[in-house]
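The next block holds one structure in the form of structure tokens; read it before the comments.
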Amino acid sequence: MQDRKKYLSSPEKTIEVGPKSVSALLDAMAATGFQGKRLGEAARIWCEMVDQKNLTIFMGYSGSLSTTGQWKIVRWLIENRYIDVLVSTGANISEDILEAMGYNYYQGSWLANDEDLLENKIDRFYDIYADEYDYRELEGLIRKFASTLSTKRAYSTREFLNRFGEYQWKKGIKSITATAWKHNVPIYSPGLIDSGYGVALSLLMREEGKKIQLDQTQDMEELGQIADKTRTAVVFVGGGVPKDTIQLATIIKSLSEGGEEATPHDYAIQITTDSPQWGGLSGCTLEEAISWGKIASDSTRSVVYCDATIALPLISHAMGERAKKRKAVPNLSWVFKGQGKD
């Protein structure tokens with residue numbers, strides 16, 4: 001009975017309906033329970049990250065979210081340096097380019113006749129449609145860029161995407177990768193070829209005999225160095241390979257030096273629909289990551305079990321209302337100085 005006051009110290013606060021900003025609504029939700037509470041906590045934690053000095057914010061961007069109206073949010077996060085390093089699936093940083101080129105995705109139905117869609121060259125992402133011919137234009141753009149690269153050396157995905165971002169920016173295509181180039185934000189994609197990039201590079205090799213080599217070991221080395229140089233925070237939108245790549249970057253120092261010192265994240269947020277009991281990385285808790293030295297035991301953290309197409313727009317709009325301009329953006333210019341010459 002001695003612990004009663006400890007357990008009953010924070011009263012839940014019922015939400016009152018009335019005019020509210022998005023940030024005020026999320027604050028109110030944070031004082032409730034379940035995933036509404038987690039969503040409000042995540043918004044608060046991200047705003048706290050932005051206010052910290054000497055903190056590098058990583059973002060893991062998984063799945064195929066750019067087809068669902070999310071990519072301009074990521075672009076906005078880069079422009080405002082609410083993230084400093086992006087690790088993404090190939091899909092998310094290629095499918096945004098389709099809209100940036102002036103084409104569209106279309107609202108559809110998950111109950112569509114897929115044989116009919118195939119006959120009409122319409123690709124389906126659950127309830128979103130893409131014109132296959134527009135998709136081929138996107139892959140053609142990637143191929144034209146790749147044809148400008150040297151076959152005599154390998155490129156990290158960070159350098160490949162940085163150069164591609166510059167190529168797009170000069171053509172007036174304001175995609176995620178183009179915006180990252182403009183704002184000196186490095187992007188890494190450990191699964192780059194599992195997307196339109198893989199199709200474009202394969203066709204370039206088959207039809208023109210030009211083989212572009214990617215060096216993902218260099219990616220991991222750079223990510224490990226970034227994690228070594230400053231305190232770090234992470235925002236995982238989904239899970240998958242981007243999540244584990246960022247997590248592995250925190251333990252490279254301890255493994256390479258044969259010691260016990262890792263560089264775990266001080267802040268961590270994850271938005272996921274995956275459950276931990278199946279043992280997969282996408283669903284594993286941030287607490288589980290403590291055992292690996294990937295997340296600090298005293299970190300500020302929250303997992304939101306929610307569809308990212310719900311959570312990300314709400315959190316980003318709350319940040320737009322409340323987050324402060326960053327006082328000390330980490331200088332990652334040294335990453336780009338390491339680019340080789342063709």
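No value in this document is a laboratory result; all are computed from the given coordinates. Here the structure is a predicted model, which means the values were calculated and not measured. Methodologically, a virtual Cβ is constructed for each residue, glycine included, from the backbone with ideal geometry; neighbour enumeration extends over all protein chains shown.
A few notes on this one:
- Per-residue Cβ neighbour rank within 10 angstrom, fewest leading, LEU55, LEU281, LEU65: LEU281, LEU55, LEU65
- Cα shape, region 201-253, gyration tensor, a/c 1.5 rule: prolate
- Stretch in the chain that is longest and holds no GluC sites (Glu not before Pro) that DSSP places in a loop and that have at most 15 other beta carbons within 10 Å: 17-256
- Only Cα pairs under 8 Å and 6+ residues apart enter the sum, and on that basis the relative contact order of the chain stands at 24 percent.
- Counting only lysines at least 8 places from LYS325 when in the same chain, those with an alpha carbon closer than 23 Å to its own are LYS20, LYS53, LYS72, LYS174, LYS182, LYS229.
- Tilt relative to the chain, helix 240-249 - C-alpha long axis, 0 to 90 degrees, to 10: 80
- Size descriptors for region 82-167 (Cα atoms only): Rg and Dmax, in that order, 15.8, 48 Å.
- Efficiency of FRET from Cβ geometry, THR217 and TYR133, R₀ 41 Å, rounded to 0.05: 0.65
- Region 15-81 versus region 292-308: alpha-carbon centroid distance in Å: 14
- Between 0 and 90 degrees, the angle of helix 34-50 with respect to the longest Cα principal axis of the chain falls at about 70 degrees.
- Antiparallel DSSP beta bridges within the chain, as percent of all bridges there, nearest 5: 20
- Residues ILE122, ILE97, ranked from the fewest to the most other C-beta atoms within 10 Å, line up as ILE122, ILE97.
- For the chain, the longest principal axis of the C-alpha atoms and the axis of helix 216-229 are separated by about 30°.
- Distance in nm between pseudo-label sites at ASP298 and GLN277 (7 Å out along the Cβ direction from Cα): 3.5
- Dimensions in Å of region 1-91 - Rg and Dmax from alpha carbons: 17.4, 55
- Contact order relative to length of region 158-290, as percent, for alpha carbon pairs under 8 angstrom and 6 or more apart: 17
- Electrostatic bookkeeping for LYS210 treats Lys and Arg as +1 and Asp and Glu as -1; over the other residues with beta carbon under 14 Å from its beta carbon, the sum is +3.
- Computed extension length for ASN184-LYS144: 12.1 nm, one decimal, from 0.36 nm per residue of separation with the Cα-Cα distance subtracted.
- Nearest-0.05 FRET efficiency for ALA112 and GLU16, computed from C-beta distance (R0 51 Å): 0.80
- More than 24 angstrom apart: percent of Cα pairs within region 251-342: 46
- Per-pair calculated FRET efficiency, R0 = 45 Å: THR285 and LYS337 via Cβ, rounded to 0.05: 0.75
- Neighbour counting of Cβ atoms within 10 Å sorts the residues LEU255, LEU204, fewest neighbours leading, into LEU255, LEU204.
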